[in-house]
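Report on the structure given below.
The values are calculated or read from the model by the stated rules, or taken from the named source; none is laboratory data. Remember, it's a predicted structure, so these values are computed and weren't measured experimentally. Here the Cβ positions follow ideal geometry from the backbone for every residue, glycine too, while neighbour counts run over all protein chains shown. Surface areas here come from the heavy atoms of the whole protein model, side chains and all, with no ligands, DNA or RNA. Shrake-Rupley method; radii C 1.70, N 1.55, O 1.52, S 1.80 Å.
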Amino acid sequence: MTTAPTRVAKPLLHVKGLVKRFGGNVALAGIDFDLAPGEMLALIGPNGAGKSTTFNALNGQLLADAGVVELSGQSLLGQSPQAIWALGVARTFQVAQTFASMTLLENVQMALLSSKSRLFQAFESVHAMDAHEAHDLLRQVGLDELSDQDAKSLAYGDVKRLELAMALACKPRLLLMDEPTAGMSASERLVLMGLIRDLTQQPQGPSRPALSVLFTEHSMDVVFGFADRILVLSAGQIIAQGSPREIAQNPLVQKSYLGTSFKYPNSNLQS
Ligand code: ADP
Ligand code: MG
């Protein structure tokens with residue numbers, strides 16, 4: 001069994017005893033986990049398990065009732081989403097949030113301006129600012145050739161890649177992704193998740209460690225193909241955590257979530 005939290009010597013993110021109640025409904029009943037630098041951690045579990053609540057409590061959209069949330073030792077609890085974002089916690093959404101009538105370049109320039117706290121002047125200066133950094137970000141997600149197109153002309157998989165480039169504009173240490181591949185084709189999924197995995201495997205700059213990622217996902221191909229480690233949440237509690245192999249073989253997880261016919265590794269998974 002693998003319910004004990006995996007100890008990480010110097011975690012990027014440390015969560016302990018996190019509790020969130022909605023009236024009498026206990027959405028998170030005191031969850032504990034650590035996330036290492038450069039790690040891709042999947043959060044899975046049935047509907048209503050508390051996945052979105054965990055995300056919202058980590059990025060400040062919801063105020064937790066109790067617990068500890070620390071990013072490199074700095075407490076995030078009680079801080080605003082903007083403050084948490086400025087500390088290097090970026091988030092993408094289940095339905096991508098981009099500006100449809102702007103070009104890809106302008107979208108990324110907007111994100112860069114806002115990461116530099118200059119959003120108030122964005123509409124005046126978005127064209128004037130140095131586009132070099134925006135092109136770099138688009139290149140990182142493989143979209144630079146489309147930089148002059150409007151975002152609304154993109155296929156959905158490309159919109160999600162644009163959203164990723166925008167999330168990277170704040171130079172995040174931690175990326176929270178709520179169902180990053182929802183609505184995507186199988187091949188688009190592999191491209192997006194491959195990009196994200198590459199970001200976790202290379203330092204992001206001279207003094208910047210590799211990115212860490214926490215993601216929720218319904219596609220078990222994505223979870224078991226890309227996660228370094230998996231947390232299984234059920235009714236507000238972590239019922240198991242471990243490697244993909246450990247989770248696939250865990251009888252409680254099979255019974256409550258994956259089903260007993262689930263096989264790992266399975267032929268649909270990329271290596
Ligand atoms: P998941 O994302 O795993 O499907 P959620 O975190 O959305 O689960 O929900 C966990 C529990 O908290 C559910 O019982 C849900 O009904 C409840 N819940 C979530 N958000 C709210 C809210 N804003 N108000 C009241 N109850 C909520
Ligand atoms: Mg949810």
(request) Enumerate the pairs (first residue in the stretch 40-59 and touching a residue at least 24 places away in the same chain (Cβ under 8 Å) and assigned to a loop (DSSP other than H, G, I, E, B); second residue anywhere and of a type in the set (Lys, Arg) and open to solvent by 10 Å² or more (accessible area, probe 1.4 Å)) with beta-carbon separation below 9 Å, excluding pairs fewer than 6 apart on the same chain, so at least 6 apart or on different chains. (result) 45/51; 50/20; 59/91
(message) Between 66, 83, 27, which is within 12 Å of ligand 1 (Cβ to nearest atom), open to solvent by 10 Å² or more (accessible area, probe 1.4 Å) and not β-branched (Val, Ile, Thr)?
(response) 27
(request) Taking the options 80, 52, name whichever one is modelled with pLDDT under 95, in the same structural domain as residue 197 (by TED's automatic domain parsing) and either of a type in the set (A, V, I, L, M) or out of contact with any strand residue (DSSP E or B) (no Cβ under 8 Å at 6 or more places or on another chain) (or both). (result) 80
(request) Tell me the helices (runs of 4 or more DSSP H) entirely within the stretch 131-214 that contain at least 2 residues that are surrounded by fewer than 20 Cβ atoms within 10 Å (Cβ to Cβ), without any contact (Cβ under 8 Å) to a residue 60 or more places away in the chain and in the same structural domain as residue 54 (by TED's automatic domain parsing). (result) 186-200
(request) Determine whether residue 36 is more than 20 Å from residue 244 (Cα to Cα) and touching a Leu at 6+ places or on another chain (Cβ under 9 Å). (result) no
(request) For the stretch 50-61, enumerate the residues that are crowded, with 17+ Cβ neighbours inside 10 Å, farther than 18 Å from residue 235 by Cβ and within 16 Å of ligand 2 (Cβ to nearest atom). (result) 58, 59
(message) Can you confirm whether residue 20 is assigned to a strand (DSSP E or B), within 16 Å of ligand 2 (Cβ to nearest atom) and open to solvent by 10 Å² or more (accessible area, probe 1.4 Å)?
(response) yes
